[in-house]
Amino acid sequence: MSSPTSWACSTACPDAPVRSAGGAATLGAVRSLVVPELIEVEFYRRLAERTVGRPVAEVVADDDWFLKGGTTAAGLEAALVGRSAVAFRRRGKLLLVDFSGDAGSADEGPTLGLRFGMTGRLVVDGANAIDELIYSSRRDEPIWDRFTLRYADGSSLRIQDPRRLGGVQLDPDEERLGADAATIGAAGLRDLLAGSTAPLKARLLDQARLAGVGNLIADEMLWRAGLDPVRPAGSLSPAELRRLHRHLVATIRDLVERGGSHTGDLQSSRTRSGLCPRDGAPLERRTVGGRTTYSCPVHQR
Ligand SMILES: [Zn+2]
């Protein structure tokens with residue numbers, strides 16, 4: 001359903017079939033899995049920072065499907081072995097690892113891009129930042145390992161991804177992603193919505209314009225801001241734009257503090273019979289931007 005070239009776009013992916021018939025046995029451990037959004041990747045970044053300075057001894061990248069943009073296992077081995085990470089950065093849902101340059105050279109080292117797709121998670125030294133926060137099961141399945149950095153001290157950094165929708169790329173083109181949603185200013189948000197007839201939510205999910213907003217953050221911020229997800233993106237008044245930006249910032253801040261994208265005020269109402277937590281109206285369930293969308297027909301206009 002996905003191709004190696006479409007990995008940078010997360011907006012076209014359907015919701016993860018967490019309760020799919022027949023898949024219950026293999027996906028049992030990921031039933032409660034939350035699709036990694038900006039917030040989860042930020043937790044991964046913080047977890048991964050502990051590996052700064054550890055020399056890479058081995059790169060395990062057996063799964064060609066997981067290597068994107070022409071990246072090969074041999075290329076990763078040649079680029080990374082002997083180097084150490086100097087910084088972990090995040091742009092939207094992309095985790096970027098900057099490696100040390102050659103000794104005595106002013107040139108920067110390579111950068112590794114890690115993408116988690118719908119079901120990927122990062123495991124560092126056997127620990128998973130998200131599992132510790134939300135999973136009832138902390139099952140560690142080696143068959144889901146898609147990519148591993150083994151360090152000289154015996155520790156490791158791994159991506160586990162049951163559905164293989166994430167990926168790894170050497171020196172990814174970061175400019176293919178829009179501004180990071182956690183740091184975009186009000187003027188930047190206004191500019192990316194201006195003149196667009198696309199549904200507001202679809203525009204917010206467009207990673208090439210705004211990086212990091214996934215399905216849950218989008219629904220939560222639009223619900224808080226009182227804006228209909230299908231409004232043409234360019235139709236917002238200056239006051240509505242300011243409100244949307246305020247709620248974008250506040251939603252990300254709140255959900256980071258609470259521990260994940262799934263901790264929004266709307267979350268427990270995301271069911272077919274869900275009621276708006278603000279005014280009690282039955283929520284509307286639609287598909288917007290290819291994603292299942294819950295919104296309130298009363299206060300979201
Ligand atoms: Zn409402």
Residue among Arg253, Arg258, Arg272 that alone is surrounded by fewer than 18 Cβ atoms within 10 Å (Cβ to Cβ) and in contact with a strand residue (DSSP E or B) (Cβ under 8 Å, 6 or more places away or on another chain): Arg272
Checklist (1) of a type in the set (S, T, N, Q); (2) within 20 Å of Ile39 (Cβ to Cβ); (3) free of Cβ contacts under 8 Å to residues at least 12 places away in the same chain; (4) more than 16 Å from the ligand (Cβ to nearest atom) applied to Gln207, failing item: (3)
Selection from region 53-62 of residues that are over 14 Å from Leu114 (Cα atoms), modelled with pLDDT of 95 or more and either open to solvent by 50 Å² or more (accessible area, probe 1.4 Å) or not β-branched (Val, Ile, Thr) (or both): Gly53, Arg54, Pro55, Ala57, Glu58
Residue check, Leu205 open to solvent by less than 40 Å² (accessible area, probe 1.4 Å) and over 29 Å from Gly70 (Cα atoms): no
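Residue-wise test of (1) at positive phi; (2) of a type in the set (Val, Ile, Thr); (3) more than 14 Å from the ligand (Cβ to nearest atom); (4) under 24 Å from the mean Cα position of the chain (by Cα).
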site	(1), (2), (3), (4)
Leu236	no, no, yes, no
Val249	no, yes, yes, yes
Gly260	yes, no, yes, yes
Gly280	yes, no, no, no
The one condition in (1) buried (at least 21 other Cβ atoms within 10 Å of the Cβ); (2) β-branched (Val, Ile, Thr); (3) not in a loop (DSSP other than H, G, I, E, B) that Thr71 fails to fulfil: (3)
Residues of region 74-101 satisfying the condition of being in contact (Cβ under 8 Å) with a residue 60 or more places away in the chain and assigned to a loop (DSSP other than H, G, I, E, B): Gly92, Lys93
Long-range neighbours under 9 Å by Cβ, at least six apart or interchain, first residue acidic (Asp, Glu) within region 267-284, second within 9 Å of the ligand (Cβ to nearest atom) and open to solvent by less than 70 Å² (accessible area, probe 1.4 Å): Asp279/Cys296; Asp279/His299; Glu284/Ser295; Glu284/Cys296; Glu284/Pro297; Glu284/Gln300
Residue satisfying condition, being within 19 Å of Val97 (Cβ to Cβ) and among the basic types (Lys, Arg), within set Arg176, Arg164: Arg176
Given (1) assigned to a loop (DSSP other than H, G, I, E, B); (2) within 16 Å of the ligand (Cβ to nearest atom); (3) of a type in the set (A, V, I, L, M); (4) crowded, with 22+ Cβ neighbours inside 10 Å, index of the condition Val230 fails: (4)
Any chance Arg272 is away from the ligand (no atom under 16 Å from the Cβ), among the charged types (D, E, K, R) and under 20 Å from Pro199 (Cα atoms): no
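The values are calculated or read from the model by the stated rules, or taken from the named source; none is laboratory data. Just so it is clear, the structure is predicted and the values come from calculations on it, not from any experiment. FYI the Cβ positions are ideal-geometry reconstructions off the backbone, even for glycines, and counts take in every protein chain you see. Please note that ligands, DNA and RNA were not included when accessible areas were found on the heavy atoms of the full protein model with its side chains. Shrake-Rupley method; radii C 1.70, N 1.55, O 1.52, S 1.80 Å.
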